[in-house]
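The numbers here are math on the coordinates, done by the rules we state, and not lab data. Being a predicted model, the structure only gives us computed values, none of them experimental. Counting neighbours? That spans all protein chains shown, and the Cβs are built from the backbone with ideal geometry, glycine included.
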Amino acid sequence: MKTLHKILTVAITALTVHQATAQQDPLVSEYMFNQLFLNPAYAGAHPYTNGTLVCRDQWISFPGAPVTEIASVDGALKNKNIGIGGEVLNDHIGVSTRTAIYGDYSYHLKLDEKNTLAMGLKGGVEYYNANLRDLTVWDEGDHVFMNNAQSKFIPVIGPGLYFYGPNYYAGISIPNALSYKPGTFLYINLNNEPQFIRHYYFTGGYTYTFSDAFALKPSVLLKYVKGAPAQADFNLSAMFQNELIVGVSYRTGDSFLAMVEYYAMKNLRIGYAFDYSYTDMRFYAYGSHEISVSYNFGDEAKTGKPQF
């Protein structure tokens, strides 16, 4: 059993390093209900102030698997043209921890009575820490693993665009546009850390309302990171009686997803998502769980239709 434990620990370490050089940002399955973490231009895109908490436990029963918590709040200022927001992130992968705080600013330009183009900017700081002594290694004399910890503060700045109307949205964003590789645009010197690379996101969705009691919403999230295959989440959600939302998703090269969202009140949403991997990971883990709680402040949230 000790030998098996060592093998699993080394495997986790390899996966952690792979994620750091490829799909570094944490996954969120319920992205379509709050896109602030992905796109700063989303801040203030609704007529109320929203607070959301997301907790995600990935690859259940797999040692060192990612665990992520995100708290966010955003809303529009009184003139309705400016949105502000903020997020706090805590992400654990293996022996590494990522803690971050972000602020978001957006300007919403009304193109006509129905269509709006929002331009946003995200800024903040991330703190990375890796406790290398928690690793089980075969080469006890390897100087790379002899230090107790490796840590670093990373500045964050990234733009986003968000185009939306009464029943659709489309967005594109780079949450952190800074580069840590010499010779690239917006390069800053942090001891030439190449593992911190840009992530590109595109989101889109459309709501088909058939009656006051039923609506359908297909949506998509495209993710691209240089050095890793492009990935897409295709989602289809249905809302019943303006209270219950049931959805299914397909994440290319990774998993199938199912989710349920319930509006306990018009301004209070409680959600749950389950991911089931169809890759070899299914032999070692029992899927992923994600829970979210969202509350909308303001008269519009209490009297209007729930967000969908």
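General remarks:
- Of ASP91, ASP112, the sequence from fewest to most neighbouring Cβ atoms within 10 angstrom is ASP112, ASP91.
- Sequence of ASP280, ASP57 once ranked by neighbouring C-beta atoms within 10 Å, starting from the fewest: ASP280, ASP57
- Residues ILE245, ILE82, arranged from fewest to most other Cβ atoms within 10 angstrom of their Cβ, appear as ILE82, ILE245.
- Kirkwood estimate for the stretch 219-298, i.e. one over the average of 1/r between Cα atoms, Å: 14.2 Å
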